[in-house]
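This report refers to the structure that appears directly beneath it.
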Amino acid sequence: MRPASSVIREVLEETESVRTLRLDHSFDPLPGQYMMLWVRGVDEIPMSFSGPDLITVQRVGPATRAIFSLDVGDSVGVRGPLGTGFSLTGRSALLIGGGVGVAPLAFLGERARAVGMEVTSLLGFRSTSEAVFLDRFRRLGRVVLTTDDGSEGICGHTSAGLCELDPSAFDQIYLCGPEVMMWDVIRRCQGMESRIQACISRYIKCAIGVCGSCCIDPDGIRVCVEGPVIRADRLTAGEFGRYRRGPSGGPDVCKSVH
Ligand SMILES: Cc1cc2nc3c(=O)[nH]c(=O)nc-3n(C[C@H](O)[C@H](O)[C@H](O)COP(=O)(O)OP(=O)(O)OC[C@H]3O[C@@H](n4cnc5c(N)ncnc54)[C@H](O)[C@@H]3O)c2cc1C
Ligand code: FES
């Protein structure tokens, strides 16, 4: 896929460290798919779609800091939509997201409501001041909120909110957020793995399935093309939740900003 140039039409401040950018055309993505965003002179990085023409960026390092210095009228390079999206099946969906990982789930929830599915959301943030898209989720249905510092909702990590819900009552569970959170949810929902879809993060370089940077042990699943949305029953026996390849290809601690 050839890179294209896209102009920023709108910049929306979500929190002190999270921004949403509206680009100048719709990419017609499925929720869960991503783009490679080329920040000229800095880096090309993966970003999920938070809407057909939206990306939602958390400032963590050089490329995302550079995105925060861009404004309406500036242009970025884009390749996408890339990878697999979430598939909508059944009549009821439980969305479970943490941090900026809720971004593709808001987009997914809106698509699910549009086809008549019932949507329930379990969302976790460090604190209320870091909460993203609560209004979007509240428009879709019931929201269970957790915050690490107890500033709103249940005090604790995202999976603490599972006590308020019966995961087995949902036709499909959709996950996106820190890997340890997704791993914990999958572990707590043992036996339901075939009904859980997780949007996962690995170090993506080529995004076309040739470099091996994003592969998951032991099957070598290439997250950039076979993911980022992967059914949980393909994730339970390997590296997921334990380690991941870092920028140099060697094993890295399993933590995720997404
Ligand atoms: C499929 C996918 C979708 C993503 N969607 C979003 C999103 O919607 N919003 C968002 O804020 N972030 C998203 N991310 C994470 C985002 O790509 C990183 O935060 C970004 O690349 C950081 O770059 P940096 O230069 O600012 O920070 P750096 O300091 O270079 O990196 C900070 C951390 O970001 C991760 N990272 C850096 N480069 C890459 C890369 N090429 N591929 C994967 N991870 C990387 C690593 O964990 C690294 O430790 C997504 C990642 C993936 C794989
Ligand atoms: S990023 Fe190169 S194979 Fe996936």
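The values are calculated or read from the model by the stated rules, or taken from the named source; none is laboratory data. If you're wondering where the values come from, they're calculated on a predicted model, not measured in any experiment. Don't worry about glycine lacking a Cβ; one is built from the backbone with ideal geometry, like all the others, and counts go over all protein chains shown. We work out accessible area using only protein heavy atoms, side chains counted, and drop any ligands, DNA or RNA first. Shrake-Rupley method; radii C 1.70, N 1.55, O 1.52, S 1.80 Å.
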**Q.** Paramagnetic label zone (point 7 Å from Cα along Cα-to-C-beta, Asp233; backbone N under 17 Å) in segment 53-96
**A.** 87-90
**Q.** Segment Ser75-Glu13, extension gain: residue separation times 0.36 nm, minus the distance between their alpha carbons
**A.** 20.5 nm
Q | Label point distance in nm, Glu110-Met1, each placed 7 Å from Cα along Cα→Cβ | A | 1.9 nm
**Q.** Theoretical ellipticity at 222 nm over the chain - DSSP helices of four or more residues, -39500 (n - 2.57) apiece, nearest 500
**A.** -4500 deg cm²/dmol
Q: Would you check the accessible area of Trp183, probe 1.4 Å, heavy atoms only, in square angstrom rounded to 10?
A: 90 Å²
(Q) Can you tell me which of Ala63, Ala103, Ala198 moves the most in a GNM of the chain? Springs connect C-alpha atoms under 10 Å apart. (A) Ala63
